[in-house]
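Working notes, structure below.
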Amino acid sequence: MKNPVLQFHSSLLMIWTMVALLAVCARVGFAKSEDTAGSDHHHHRHYAELAKVPEKARARSNPIAEDPDATVAGRKLFEQHCAECHGSTAEGGRRAPSLRAEEVQRATPGTLFWILTNGVVRRGMPVWSKLPEPQRWQIVTYVKSLGIREKKKANDEEVKPVKDEHIQPRMRAAGSVQKP
Amino acid sequence: MWAMKKNNNTPVRRLALYALVLAAWLIRPAAAQESPYIVTYDHYLEEPGNLEIEYFSTFGTQRGASDFHAFWVEFEYGATAWWTTTGYLDGQTTLNDSTLFTGFRWENRIRLLQREHFINPVVYIEYEQKNGADKILKEVEGHDAESDYAERNASLRNELDHELELKLLLSKTFKGWNFAVNPLAGKNLSPSHPWEFGYAVGASRPLALKASANWCNLCLENFIAGVEMYGGLGDAHSFGLHDTSHYLAPAVAWNLPSGWTLRLSPGFGLNDNSHRLLLRWGLSHEFSGFGEMVSRLFGGH
């Protein structure tokens, strides 16, 4: 094995083995996310997690609910960390459910904060306690500001309007949302 | 073949560059919130389906021989929310000597608990195939000492090691502070070598806990500062803090909204067995949706 050519070939072989394993892991990871986020049925299983939040955590109130910048900062954080799975409008996608569903919007701020902090690891939602607590509350403030939007049915237009009209001008002023 | 005298354009660096360019072209960037640690691990794993490509450099001083520049490229993939798998390619340049590829590693981190707890354990399992010239000092274990690195590359590269490394990553975030403790045990897979032990501990905190309303690169919340300490704990025959090296390293990470993270960490040797200075920096970029892209290549939808 001390021959540099043999060592080179051995390393190449191992590198390709690693690449193949990475590809398999990617496939497994995708299959997992597809499995857990691919249908309404699975999304309902996600929403069922909201009911498992401890009572004490549910009762927590949002300490920055009155902060005028919280929604705008929360939108920025949402776009940075959440939109890749939940979609830029928070209406969900292949990888994660809608946050504008009634189940989420009717949940208390404390419930959403707890889910954000602890994740739902077995369903693909990572733990977000690496974001400082005030930033997690900012995200919760933004999500709660979005309001309920029912899922579009086939050939139907949107059912309910968004309730965040009042924050749009502030977001435009802060440069975190594009003009329509 | 791998030793290219005074050639700074090594395969590892070229691969890192190609990988970054290709990934930037193919995949969407994702904003990262990386810790400043370079040796210590906290309990946070890669988001599922995301790929993070990282390049790290270590400039080390060497008493009694030439200083060196060691570097590695890292491909970190979130396979699931509880499992992150990472491949490493290592290399080094020793001044007045040569540049060479020194080996590869395959690391897996597995989260044990579903929710956040007072302490959050993650199991770390790594296989390494490296030669004796490896100088990246990604961890210190056993009786590692500065003098081990003083020989010339030509003789060091003839030693080929297969190693298994196990770590328990314990971490807690409280009021914005992260505290992490990583005990480690490593075993050279040849039977004559004993188990070796080491440690890494770290603490870090973002410079601002609240996010500002504006998109900005220089906002305080984008910077995380911290300090880490790492060193050896001897081996199964001689356990303890003696006859090994220890380092203290302040560290800072700058997380840009575009998905790039820059880390800087000067590490200072704490005893005569340690290098006096290990100046480290790293650049990383996180890409979202890599899993879906690979899946499509393999016939997924």
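The values are calculated or read from the model by the stated rules, or taken from the named source; none is laboratory data. Just so we're clear, the structure is a prediction, and the values are computed from it rather than from any experiment. No Cβ is skipped: glycine too gets one built from the backbone with ideal geometry, and neighbour counts run over all protein chains shown.
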(request) Just name the residue that is surrounded by the most Cβ atoms within 10 Å (Cβ to Cβ) out of those in the stretch A:63-91 that are within 9 Å of A:TYR142 (Cβ to Cβ) and among the β-branched types (Val, Ile, Thr). (result) A:VAL72
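Residue-by-condition table, conditions (1) modelled with pLDDT of 95 or more; (2) under 15 Å from the mean Cα position of the chain (by Cα); (3) on the phi > 0 side of the Ramachandran plot:
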residue	(1), (2), (3)
B:GLN114	no, no, no
B:VAL123	yes, no, no
B:GLU128	yes, yes, no
B:GLU141	yes, yes, no
B:LEU156	no, no, no
B:SER171	yes, no, no
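Table: residues versus (1) in contact with a strand residue (DSSP E or B) (Cβ under 8 Å, 6 or more places away or on another chain); (2) not small (Gly, Ala, Ser).
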| residue | (1), (2) |
| --- | --- |
| B:ALA211 | no, no |
| B:CYS216 | no, yes |
| B:GLY226 | yes, no |
| B:MET229 | yes, yes |
| B:THR261 | yes, yes |
| B:HIS285 | yes, yes |
| B:GLY291 | yes, no |
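Report whether or not B:ALA200 is out of contact with any Leu (no Cβ under 7 Å at 6 or more places or on another chain), aliphatic (A, V, I, L, M) and in contact (Cβ under 8 Å) with a residue 60 or more places away in the chain. So that I can check it myself, show each step before the final result.
On the way: out of contact with any Leu (no Cβ under 7 Å at 6 or more places or on another chain): yes; aliphatic (A, V, I, L, M): yes; in contact (Cβ under 8 Å) with a residue 60 or more places away in the chain: yes.
Here the answer is yes, as B:ALA200 does meet what is asked.
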(request) Say whether the condition of being out of contact with any Lys or Arg (no Cβ under 7 Å at 6 or more places or on another chain), among the basic types (Lys, Arg) and touching a residue at least 24 places away in the same chain (Cβ under 8 Å) is met by at least one residue in the stretch B:287-296. (result) no
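Output the residues belonging to the stretch B:55-108 that are outside any strand (DSSP E or B) and either within 9 Å of chain A (Cβ to nearest Cβ) or touching a Leu at 6+ places or on another chain (Cβ under 6 Å) (or both). Talk me through it step by step, then tell me what you get.
As a first pass, look at the stretch B:55-108 and keep what is outside any strand (DSSP E or B): B:61-67, B:81-82, B:95-98.
If the condition is that a residue be outside any strand (DSSP E or B) and either within 9 Å of chain A (Cβ to nearest Cβ) or touching a Leu at 6+ places or on another chain (Cβ under 6 Å) (or both), then B:THR61, B:SER66, B:ASP67, B:ALA81, B:TRP82 are the ones that fit.
Just to check your reading of the model, which residue among B:ALA145, B:ALA211, B:ALA180 is hydrophobic (A, V, I, L, M, F, W, C) and within 11 Å of chain A (Cβ to nearest Cβ)? Working first, answer last.
On the way: B:ALA145 fails: within 11 Å of chain A (Cβ to nearest Cβ); B:ALA180 fails: within 11 Å of chain A (Cβ to nearest Cβ).
That would be B:ALA211, the only listed residue that is hydrophobic (A, V, I, L, M, F, W, C) and within 11 Å of chain A (Cβ to nearest Cβ).
Give the stretch B:163-177 a look and list any residue that's facing another protein chain (nearest Cβ under 10 Å), of a type outside the set (Ser, Thr, Tyr) and assigned to a strand (DSSP E or B), or say none.
Taking the stretch B:163-177 and keeping what is facing another protein chain (nearest Cβ under 10 Å), we get B:171-177.
Checking the rest, the ones that are also of a type outside the set (Ser, Thr, Tyr) come to B:172, B:174-177.
If the condition is that a residue be facing another protein chain (nearest Cβ under 10 Å), of a type outside the set (Ser, Thr, Tyr) and assigned to a strand (DSSP E or B), then B:LYS172, B:PHE174, B:TRP177 are the ones that fit.
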(message) Against the conditions (1) surrounded by fewer than 22 Cβ atoms within 10 Å (Cβ to Cβ); (2) of a type in the set (D, E, K, R); (3) closer than 26 Å to B:ARG205 by Cα, where does B:GLU46 fall short? Just the number, please.
(response) (1)
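Could you please let me know if A:ALA73 is of a type in the set (A, V, I, L, M, F, W, C) and either over 19 Å from the mean Cα position of the chain (by Cα) or modelled with pLDDT of 60 or more (or both)? Full working, then the answer.
Values: of a type in the set (A, V, I, L, M, F, W, C): yes; either over 19 Å from the mean Cα position of the chain (by Cα) or modelled with pLDDT of 60 or more (or both): yes.
So A:ALA73 fits the description; yes.
Rundown of residues vs (1) farther than 22 Å from A:HIS43 by Cβ; (2) within 14 Å of chain B (Cβ to nearest Cβ); (3) at pLDDT 90 or above, yes/no style:
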| site | (1), (2), (3) |
| --- | --- |
| A:PHE78 | no, yes, yes |
| A:ALA90 | no, no, yes |
| A:VAL120 | no, yes, yes |
| A:VAL140 | no, yes, yes |
| A:GLU150 | no, no, no |
| A:ASN155 | no, no, no |
| A:HIS166 | yes, no, no |
| A:GLN178 | yes, yes, no |
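I'd like to check which strands (runs of 3 or more DSSP E) are fully inside the stretch B:213-301 and have at least 3 residues that are surrounded by fewer than 16 Cβ atoms within 10 Å (Cβ to Cβ) and among the basic types (Lys, Arg).
Values: elements: B:223-235, B:246-255, B:260-269, B:277-288.
Qualifying strands (runs of 3 or more DSSP E): none found.
Within the stretch B:231-242, identify whether any single residue is within 10 Å of another protein chain (Cβ to nearest Cβ), at negative phi and modelled with pLDDT of 95 or more, and answer yes or no.
Taking the stretch B:231-242 and keeping what is within 10 Å of another protein chain (Cβ to nearest Cβ), we get none.
Within the stretch B:231-242 (the criterion being within 10 Å of another protein chain (Cβ to nearest Cβ), at negative phi and modelled with pLDDT of 95 or more), the answer is no, since none of the residues qualifies.
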(message) Cβ-Cβ distance below 8 Å, separation of 6 or more or different chains: which pairs start in the stretch B:58-83 with a residue that is acidic (Asp, Glu) and end on one that is outside any strand (DSSP E or B)?
(response) B:ASP67/B:THR61; B:ASP67/B:LEU95; B:GLU76/B:GLU46
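Based on what the data block shows, is A:PHE78 under 19 Å from A:GLY147 (Cβ atoms), under 10 Å from the mean Cα position of the chain (by Cα) and either assigned to a helix (DSSP H, G or I) or not assigned by TED's automatic domain parsing to the domain that holds A:LYS52 (or both)? Show your work before the answer.
Numbers: under 19 Å from A:GLY147 (Cβ atoms): yes; under 10 Å from the mean Cα position of the chain (by Cα): yes; either assigned to a helix (DSSP H, G or I) or not assigned by TED's automatic domain parsing to the domain that holds A:LYS52 (or both): yes.
For A:PHE78, the condition - under 19 Å from A:GLY147 (Cβ atoms), under 10 Å from the mean Cα position of the chain (by Cα) and either assigned to a helix (DSSP H, G or I) or not assigned by TED's automatic domain parsing to the domain that holds A:LYS52 (or both) - is met.
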